[in-house]
Structure formats: structure tokens, C-alpha cells
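See below for the structure under consideration.
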Amino acid sequence: MEENPHFEILTPLRVLIRTTPSYWDNIVTQKHPILANQEELAKLTLEEPSEIRSSLSDPNVFLYYRSDPPYYLCIVVRHLNGEGFIITAYRTHRIKRGQLVWTP
């Protein structure tokens with residue numbers, strides 16, 4: 001049985017990004033617990049990023065960054081046919097290399 005989306009965000013690239021409750025829970029409990037209670041910042045990162053870069057290794061993967069001093073929040077998503085899903089999310093001190101595809 002397919003889960004309903006936990007949230008859906010339309011990005012500046014006009015891509016609708018979704019995640020399920022169980023997948024988001026996996027990110028914040030297993031992968032990156034430091035992001036617990038950071039859901040609103042994650043949504044804002046997708047809606048109003050500081051910049052968006054494409055992955056050097058996969059042309060369908062994009063990294064959405066938002067400054068959250070002293071860090072950046074990075075939401076890694078896969079785009080497919082105008083829609084997408086979150087692969088992971090994490091805090092970082094620096095932006096990874098990759099093609100800059102969008103800035104405000």
C-alpha cells in the first residue's frame with residue numbers, strides 16, 4: 001500500500017517534491033537525527049533555497065541549499081518528469097561542487 005505524501009513542495013525549478021511520513025522519519029531518526037524538528041526549515045529550503053546545484057555524478061539529482069548559519073541545510077532530491085522525491089537531507093559547512101542551476 002502506497003503512503004500518502006507527508007509534504008509536497010513546488011520548487012523554484014517548478015518541480016513538485018514529495019516525501020512520505022515514513023521516509024522523512026527515517027531521515028530524522030536514522031540518517032541525520034540532528035534534523036529532528038527541522039521539517040519547516042527543510043520545506044523552506046525546497047521552496048526558497050539559497051541556490052540549487054546539479055549533481056556531478058547523476059544529472060537527475062539536485063542539491064537544494066539554504067543558509068542556516070553557521071551551516072547550510074542541503075536537501076538532495078531526484079527529479080523525474082517534473083516531479084521528484086527526497087533522497088536525503090543534511091547539514092554542512094560548505095556547498096558541494098556541481099553545476100549551479102538556480103539562484104534567487
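Readers should treat all values here as calculations from the given coordinates under stated rules, not as data from a laboratory. Just so you know, these numbers come straight off a predicted model, no measurement behind them. Quick reminder, even Gly has a Cβ in these numbers, built from the backbone with ideal geometry, and neighbours come from all protein chains shown.
What dipole magnitude, in Debye to the nearest 20, does the chain give about its Cα centre under +1 on Lys/Arg Cβ and -1 on Asp/Glu Cβ? It would help to have the intermediate numbers written out before the result.
On the way: 11 positive and 12 negative charges, 107 e Å.
Using Cβ point charges on Lys, Arg, Asp and Glu, the chain gives about 520 debye.
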message = Suppose each label sits 7 Å from its Cα in the direction of the beta carbon; what would the VAL76-ASN60 distance come out to in nanometres?
response = 1.6
request  = Give the Rg (one decimal place) followed by the Dmax (whole number) of the range 1-103, computed from C-alpha coordinates and expressed in Å.
outcome  = 12.7, 41
key: Longest exposed-site-free window of the chain, the sites being GluC sites (Glu not before Pro) in a DSSP loop that have at most 16 other C-beta atoms within 10 Å   = 4-104
ask   = What is the extension gain from ASN4 to ASP25, computed as 0.36 nm multiplied by their sequence separation minus the C-alpha to C-alpha distance, in nm to one decimal?
value = 6.2 nm
key: Contour minus Cα-Cα distance for GLU39 and GLN99 (0.36 nm per residue)   = 19.0 nm
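So what's the back-of-envelope 222 nm ellipticity for the chain, counting only DSSP H runs of four-plus at -39500 (n - 2.57) apiece and dividing by all residues, rounded to 500? Intermediate results must be reported in sequence, preceding the final value.
On the way: 2 runs with 15 residues, N = 104.
Counting only the DSSP helices, I get -3500 deg cm²/dmol.
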Cα-projected label distance for SER67 with TYR90, points at 7 Å along beta-carbon direction, nm = 2.3
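Restrict the search to the range 3-104; then list the trypsin sites (Lys or Arg not before Pro) that DSSP places in a loop and that have at most 14 other Cβ atoms within 10 Å of their Cβ. Could the numbers behind the result be given before it?
Values: sites: ARG14, ARG18, LYS31, LYS43, ARG53, ARG66, ARG78, ARG91, ARG94, LYS96, ARG97; in loops: ARG14, ARG94, LYS96, ARG97.
When the trypsin sites (Lys or Arg not before Pro) of the range 3-104 are filtered for loop state and at most 14 Cβ neighbours within 10 Å, ARG14, ARG94, LYS96, ARG97 remain.
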key: Farthest toward positive dipole pole in the chain [+1 Lys/Arg, -1 Asp/Glu at C-beta], among LEU44, PRO21, VAL76   = VAL76
Computed over the chain: relative contact order in percent, which uses C-alpha pairs under 8 Å that are six or more apart = 26
